[in-house]
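Enquirer: Input: one structure, supplied below.
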Amino acid sequence: MPSNDLTAAAAGTWTLGDLTVHRMGFGTMRLAANPAVAIQVLRRAIELGVNQLDTAAFYGPALDLIREALSPYPEDLVITTKVGPGDHPDRGFYNATTAAELRGQVEENLRRLGRDHLDVVNLRIMNKPGESLAERFGWLAELRDAGLIRHLGISNVSPGHLDEAERIAPVVCVQNSYAIDSREDDTFLRLCADRGVAFVPFAAIAGTPSGGDATAVRAVAEARGVSEQQLRLAWTLHQSPNVLAIPGTGNLAHLEQNIAAGALELSDEELEQIS
């Protein structure tokens, strides 16, 4: 095992309910392009201390690859998945709106991962104006009570949705789009921190800063001798202790660079320059 400054442990930890995870995790959306390499990447991620994976049934064969690469699973591995959007051979892409559809997605996750329960399930919504998630979240809470799910989260949501969900069952994480150049959820992130809820940005390194953002990111990255993607990840983790990173890649070298970014300490001056 590499030294701690080169593993996911360097980013520190957070608890999702009763589950302790390293704040630097791994997203599995990009794994399907090359299954053979994907298995190597997954196993290397575990070697590098990653103990939280983010996935979803609509990520195609990602669930099958996770099972092939990692089963039997490490005892401390936490797999977070998403339900709501689905991909059916006959229907194509769809959004689950009934209790039966959501249960079907949960059961598909269980079957493909080869598990008897899911650690964390995020309800991802389309976030239409005024959309309520109460009924769907309530159905997932029933599956949690039945033992199929351990903890619940929500995705692509607003603070009002968090209020709505917490009236039904505990919420351990919120997963929303957030990055240096996409910071509409700054206040929401702080609200989650105040409530002890993890804030999990997706697309933290997928965006491309423009104008002053791009210049600042490039300048600080060059001065520190790191890639712009590493700097974006480090900036993300610096926003608050409740922020978890889930960068995804199908490339071994990029995986190691992403994990190493968890050890990158940024000064107040650098953070101000980037922001």
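Enquirer: How do 134-142, 230-238 rank on mean C-beta neighbours within 10 Å, highest first? Intermediate results must be reported in sequence, preceding the final value.
Expert: Working: 134-142: 18.3, 230-238: 23.2.
Result, highest mean Cβ count within 10 Å first: 230-238, 134-142.
Enquirer: Follow-up. Leu6 to Ala223: extension gain in nm, 0.36 nm per residue of separation minus the Cα-Cα distance?
Expert: Extra length available between Leu6 and Ala223 comes to 76.1 nm.
Enquirer: Moving on. Helix 212-224 versus the longest principal axis of the chain: what angle, 0 to 90°, nearest 10, using Cα atoms?
Expert: 70
Enquirer: Continuing with the same structure: Given the DSSP H assignment, sum -39500 (n - 2.57) over each helix run of at least 4 residues in the chain and divide by its residue total; what's the result at 222 nm in deg cm²/dmol, nearest 500?
Expert: Roughly -11500 deg cm²/dmol at 222 nm, from the helical runs in the chain.
Enquirer: Same structure again: Tell me the label-point distance for the pair Ser177, Glu108, using the 7 Å Cα-to-Cβ offset, in nm and rounded to one decimal.
Expert: A separation of 2.3 nm, rounded to one decimal place.
Enquirer: Under 9 Å from the Cβ of His151, count the other residues' Cβ atoms, weight Lys and Arg +1, Asp and Glu -1, and hand me the total. Working shown, then result.
Expert: Values: positive: Arg144, Arg150; negative: Asp18, Asp119.
That sum, taken over residues with Cβ under 9 Å, equals 0.
Enquirer: In the set (1) 30.2; (2) 19.2; (3) 14.4, which value of mean projected area of the Cα convex hull in nm² was calculated from the structure you see?
Expert: (3)
Enquirer: Which order do the peptides 252-260, 266-274 come out in when sorted by mean C-beta neighbours inside 10 angstrom, highest first?
Expert: Those peptides, ordered most packed to least, come out 252-260, 266-274.
Enquirer: Net charge within 14 Å of Asn176 by Cβ-Cβ distance, Lys/Arg positive one each and Asp/Glu negative one each, not counting Asn176 itself?
Expert: 0
Enquirer: Another question, then. Once you have a ≥ b ≥ c as the square roots of the Cα gyration tensor eigenvalues for the range 108-154, tell me rounded if a/c is under 1.5, and otherwise prolate or oblate according to whether a/b is larger than b/c. Walk me through the numbers before you get to the answer.
Expert: Working: a/c = 2.98, a/b = 1.89, b/c = 1.58.
Prolate, since a/c reaches 1.5 and a/b exceeds b/c.
Enquirer: Moving to a separate point now. What is the range 128-275 by shape, rounded, prolate or oblate, if you read a ≥ b ≥ c off the alpha carbon gyration tensor as root eigenvalues and call it rounded for a/c under 1.5, prolate for a/b larger than b/c, and oblate otherwise?
Expert: On the way: a/c = 2.51, a/b = 1.95, b/c = 1.29.
Verdict is prolate for the range 128-275.
Enquirer: For the chain, what does the relative contact order come out to in percent, with C-alpha contacts under 8 Å and a separation of six or more?
Expert: So the answer I get is 20 percent.
Enquirer: Give me the net charge for the shell around Glu164: Cβ to Cβ below 12 angstrom, other residues only, Lys and Arg +1, Asp and Glu -1.
Expert: -2
Bear in mind these aren't lab numbers, they're just calculated from the coordinates by the rules spelled out. Not measured: the values here are computed from a predicted model. Ideal geometry is used to build each Cβ from the backbone, glycine not excepted, and the neighbour counts take in all protein chains shown.
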